[in-house]
1. Check region 368-380 and report whether any residue there is touching a residue at least 40 places away in the same chain (Cβ under 8 Å), among the aliphatic types (A, V, I, L, M), open to solvent by 40 Å² or more (accessible area, probe 1.4 Å) and over 17 Å from residue 327 (Cβ atoms).
2. Got a sec? Which helices (runs of 4 or more DSSP H) wholly within region 6-105 have at least 1 residues that are aromatic (Phe, Trp, Tyr)?
3. With respect to residue 85, is the statement that it is more than 14 Å from ligand 1 (Cβ to nearest atom) and open to solvent by less than 20 Å² (accessible area, probe 1.4 Å) true?
4. Examine region 268-279 for a residue that is touching a helix residue (DSSP H, G or I) at 6+ places or on another chain (Cβ under 6 Å) and in contact (Cβ under 8 Å) with a residue 60 or more places away in the chain, and state whether such a residue exists.
5. Being in contact (Cβ under 8 Å) with a residue 40 or more places away in the chain and within 16 Å of ligand 2 (Cβ to nearest atom) narrows it down to one of 190, 229, so name that one.
6. Take residues that are within 25 Å of the chain's Cα centre (by Cα) and buried (at least 19 other Cβ atoms within 10 Å of the Cβ) and tell me which of the strands (runs of 3 or more DSSP E) falling wholly in region 171-258 contain 1 or more.
7. Go through the residues of region 355-364 one by one and say whether even a single one is touching a Pro at 6+ places or on another chain (Cβ under 8 Å), crowded, with 20+ Cβ neighbours inside 10 Å and over 23 Å from residue 195 (Cα atoms).
Amino acid sequence: MERIVVIGANHAGTAAINTILDNYKDKEVTIFDSNDNISFLGCGMALWIGNQISSSEGLFYCSKEIFEQKGAKVYLETIVYHIDFDKKLVFATGKDGQNYQTPYDKLILATGSLPIAPTIEGTDLKNVQYVKLFQNAKEVIDKLHDGLIRNVVVVGAGYIGVELAEAFNRIGKKVTLIDTASTCLSGYYDREFTDIMSKNLESHGIKLAYEETVTSIKGIGKVEKIVTDKHEYPADMVVLGIGFKPNSQLGKDSLELFKNGAYLVNEHQQTSQPDVYAIGDCATVYDNAIQKTSYIALATNAVRSGIVAAHNACETPLKSIGVQGSNGICIWDLKMVSTGITLDKAKSLGYDAVATDYEDTQKPDFIEHDNYKVKIRIVYDKKTRIILGAQMCSEYDISMAIHMFSLAIQEQVTIDKLKLTDIFFLPHFNKPYNYVTMAALMAE
Ligand SMILES: Cc1cc2nc3c(=O)[nH]c(=O)nc-3n(C[C@H](O)[C@H](O)[C@H](O)COP(=O)(O)OP(=O)(O)OC[C@H]3O[C@@H](n4cnc5c(N)ncnc54)[C@H](O)[C@@H]3O)c2cc1C
Ligand SMILES: NC(=O)c1ccc[n+]([C@@H]2O[C@H](COP(=O)([O-])OP(=O)(O)OC[C@H]3O[C@@H](n4cnc5c(N)ncnc54)[C@H](O)[C@@H]3O)[C@@H](O)[C@H]2O)c1
């Protein structure tokens, strides 16, 4: 029986494991994960902290028991500390001290990512929190319950930072949001969109501290304030959300790596050793927007790469079709979605890129209720006309529309082709001259 070992059983690992166990009954699957839980949806953390959901119960969709019922051997709270890639052996130690030396025919690395730690004084103080694991969220919530936390400073105004700033504000904390960049969500949207989010955050009382670099975190035993190159802010809790780095410790000396340290994989999710696959946040993706290998840490990418690796590891050839980094955020009533690259990023990468913008209400004016404004930007290459990215925001749920742009980028569709694309009309949903068509028609 072919032996498949999977290291890491969160989103990427879970997708790979379920695909193997559900489709290939003739495989012996062994799973190691250092954590005591599987499949925690980090996206629920802000909802849980902000009291928008009553408990964390629904934030898991798989378990050790489910894998075991399907026939896998599962070792949780067991750290893999070494892999002998020549002898094809995985070395691990359990919480109880038990040692494992497990041979494999195929190995799937799903070790994910780690939060980036800033190299500043004070990160070891009490109440300086990273927010990645279920345990991190629980610790934050337990501390919030003791009533002594009033001022929360969130460092990093990316997706985690903005979502958590809202969550802390919702439960009555005084929140300061710091970023070195000149705006929030700068990796995902152009300024025309991020300004709307900044206004949204400010209007709810969140203090924005952009273009500031944290120089130290101060306190005696526990955090008391945070110092930047421009100001000081009182802080009873500091949350660090300045991005993820791939966790490629186990294979860094044996496998080829991308410039940020992620395992470099091909379209079959194979690393530089053909029997070793890497998936999710520890691996690269192929970014269709820029037609290059890249790194985009998202649960959706993790799941898809897990499915691809599982089939290939089980001798069913399957190619990854690449990703566009499609993403979304909802802060209070403001929904923002994007895919591909922003105009800023396109220009910085050397594209002769331009954007076409349009703003309108979602539905005809005679629809008097729930008829919100929608703002759209489509970024495209002036020479090739190929769509490079799209951004949308509204109080209306426009999220599904971004998927069309995701597919358009994947398939290298031009802005001109979009002009006359068949988009249906019904007043309950949209206008005959809808904003997607209008934005495309107005392209230079
Ligand atoms: C607060 C928050 C909100 C998020 N919201 C979203 C969202 O809304 N949408 C979205 O698409 N993405 C979101 N993400 C990102 C998403 O969670 C990650 O992209 C996803 O978790 C990646 O999955 P993964 O399985 O590749 O890696 P990870 O989730 O990092 O899992 C890696 C697993 O490997 C195990 N492991 C690591 N090293 C070892 C070892 N040596 N031995 C044994 N086990 C090991 C770890 O215990 C872990 O279980 C969010 C992340 C956070 C933190
Ligand atoms: N809604 C979602 O889809 C969602 C939600 C949460 C997280 N995620 C994903 O999880 C991953 C991690 O999220 P994240 O928010 O940590 O990363 P991110 O890349 O979204 O944001 C990091 C932010 O930190 C800032 N930054 C970097 N160094 C800094 C420093 N020294 N001081 C202050 N600011 C600094 C950056 O300018 C950026 O705004 C991302 O890939 C993200 O897309 C997605």
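1. no
2. Qualifying helices (runs of 4 or more DSSP H): 44-49, 64-69.
3. On the way: more than 14 Å from ligand 1 (Cβ to nearest atom): yes; open to solvent by less than 20 Å² (accessible area, probe 1.4 Å): yes.
When the stated conditions are applied, residue 85 passes them.
4. Initial filter on region 268-279 (touching a helix residue (DSSP H, G or I) at 6+ places or on another chain (Cβ under 6 Å)): 268-269, 277, 279.
Applying the additional criterion that residues be in contact (Cβ under 8 Å) with a residue 60 or more places away in the chain yields 277, 279.
Looking through region 268-279, at least one residue is touching a helix residue (DSSP H, G or I) at 6+ places or on another chain (Cβ under 6 Å) and in contact (Cβ under 8 Å) with a residue 60 or more places away in the chain.
5. Values: 229 fails: in contact (Cβ under 8 Å) with a residue 40 or more places away in the chain.
Criteria check complete, one pass: 190.
6. Values: elements: 174-179, 207-210, 214-218, 225-228, 232-234, 237-240, 244-246.
Ranges flagged: 174-179, 207-210, 214-218, 237-240, 244-246.
7. Yes, the conditions are met somewhere in region 355-364.
Condition check ((1) within 16 Å of ligand 1 (Cβ to nearest atom); (2) in contact with a Leu (Cβ under 6 Å, 6 or more places away or on another chain)) across all residues:
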residue	(1), (2)
304	yes, no
316	no, no
333	no, no
342	no, no
345	no, no
351	no, no
355	no, yes
364	no, no
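The values are calculated or read from the model by the stated rules, or taken from the named source; none is laboratory data. Remember, it's a predicted structure, so these values are computed and weren't measured experimentally. Counting neighbours? That spans all protein chains shown, and the Cβs are built from the backbone with ideal geometry, glycine included. Surface accessibility is based on the protein's heavy atoms, side chains included, excluding ligands, DNA and RNA. Shrake-Rupley method; radii C 1.70, N 1.55, O 1.52, S 1.80 Å.
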